[in-house]
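These notes concern the structure reproduced below.
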Amino acid sequence: MLCREQPLQPNASALMFGVNIIGEPILKGMNSAIYKTRASDGTVHFLKVVDNWCIGNNLPAAQHPNIRRVIHHHKDQNAIYLLMEPVIGSLYSQFMSMPKEGECQIMVDDLNVQMNIKFIFSQVLDILYYLHGCGIYHHNLEPQSIFYTFHPDNMPEVKLFDFDCTTIHADDVQSFGISLYQVLMNQVSIISSKQAIINEVLNDDSAFQHNYTPVFSEFIRGILHPEVDHRWSLAKACTDFALIDAFWLPRVTEDEPECRPKCEECRGL
């Protein structure tokens with residue numbers, strides 16, 4: 001009589017790969033979980049555990065430099081265990097921080113930092129364009145799932161790998177816009193729904209609307225349009241994102257406070 005193969009626990013799979021899991025999952029999707037792990041030499045890797053019924057191993061068959069490479073994998077009847085190449089961190093850890101007590105969220109208004117963010121999100125658009133060309137959708141795009149490392153020239157390089165049910169259509173363009181908003185606004189905690197962000201962007205009288213440049217205004221409105229038929233395509237988003245040379249309008253005075261006690265950012269939308 002054949003015995004059914006017992007699924008590995010994440011800790012067991014990590015030990016099999018020579019790493020140890022650090023804490024609870026850092027991300028949970030519909031069909032997967034991601035764990036931060038550390039090797040004996042201190043190198044940080046991420047371990048992804050995917051439900052086995054998902055198609056393939058949740059990664060496109062073709063290769064792309066910004067899709068993280070699997071360095072070890074194991075498969076049983078219930079799950080696929082993927083140990084990914086090392087990265088430094090996510091956009092969440094790099095650009096977003098919880099304000100201290102009594103402080104408000106501070107939007108990113110340094111032009112150099114804005115251009116670094118643009119450089120990173122340009123890579124994200126390039127990856128999404130590639131994936132959609134393969135009939136694959138990310139389905140879980142957010143600052144916590146956009147990882148990065150550095151080139152030898154110290155330029156950031158995006159690494160994506162967290163794909164959920166990747167052949168099911170998902171609006172990655174809208175998720176891209178929400179993620180960009182969260183990073184630019186340093187919005188660590190979304191108190192309201194994502195719809196609140198869309199409403200803020202489309203509201204002509206909002207503080208957000210009064211601060212960004214006309215080119216960025218047209219872009220963010222296009223990719224977050226509430227009607228799918230009028231929402232920008234990924235191809236148009238890629239083309240027009242390259243035209244943005246600044247996200248925010250220059251401040252009127254250098255000593256102007258970052259935000260007032262009851263501004264939109266402080267209220268968490």
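Readers should treat all values here as calculations from the given coordinates under stated rules, not as data from a laboratory. These figures come from a predicted structure and were not determined experimentally. When we count neighbours, we look across all protein chains shown, and the Cβ atoms used for this are built from the backbone with ideal geometry, even at glycine.
All other residues whose Cβ lies under 13 angstrom from that of residue 119 are scored, Lys and Arg at +1 and Asp and Glu at -1, for a net of -3. Where does the charge balance sit around residue 175 when Lys and Arg score +1, Asp and Glu -1, over other residues with C-beta under 9 Å from its C-beta? The answer is -2. Just the number: Rg to Rh for the stretch 118-161, Cα atoms, Kirkwood Rh, two decimals. Result for the stretch 118-161 is an Rg/Rh of 0.99.
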